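Everything below concerns the one structure shown next.
Bear in mind these aren't lab numbers, they're just calculated from the coordinates by the rules spelled out. Model, not experiment: these values are computed from the prediction. Positions of Cβ are backbone-derived with ideal geometry, glycine not excepted, and every protein chain shown enters the neighbour counts.
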Amino acid sequence: MATKAGQRRFPSARDPREDSETKKAAAESGDLTIFVLQASLARLSSTLWLWQRGIEVFSKYSPDIVQTVLLMNSDPEQRGLGRRALIEGVTGYFREMADLRNAETRRFQAEIEKLATAARSQRQDGPYRRRWHVKS
């Protein structure tokens with residue numbers, strides 16, 4: 001509702017349509033906030049899971065790597081064999097860490113897509129065209 005210059009506008013003089021628009025905007029903002037919080041919690045969960053699995057992978061490979069280094073330093077005759085074993089152990093560790101990260105990335109992308117689909121279904125804003133797809 002337009003006001004003339006110098007005229008005050010009091011809350012009691014509000015247009016009822018403005019109240020419904022304000023409520024609709026607040027509801028949309030609340031839905032968006034919930035989606036952002038859920039996505040942030042999913043990311044935090046993903047990060048913690050990745051750290052946990054990373055520690056498990058490290059604990060799986062570290063005893064063999066340490067034992068190989070000790071063997072290489074204590075027995076010069078085993079140095080060539082130990083070097084090959086050390087290269088294999090370190091390569092296996094980093095390969096498994098890379099696979100772990102890639103698998104978690106795909107899992108997290110799928111989780112975000114589920115949350116986004118749920119958030120989109122709550123609002124009937126019209127057709128939506130997704131611009132990216134989760135890799136499988």
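Couplings for region 40-53, taken from phi via the Karplus curve 6.51 cos²θ - 1.76 cosθ + 1.60 with θ = phi - 60°, read 5, 5, 5, 5, 4, 4, 4, 5, 5, 4, 5, 4, 4, 5 Hz in order; Gly and Pro are left as x.
List the relative contact order of region 31-122 as a percent without decimals, with contacts defined as Cα pairs under 8 Å and 6+ residues apart. Reported as a whole number, the value is 44 percent. Within the set of other residues whose C-beta is less than 14 Å from the C-beta of Glu96, count the net charge using Lys and Arg as +1 and Asp and Glu as -1. Residues near Glu96 contribute -1 overall.
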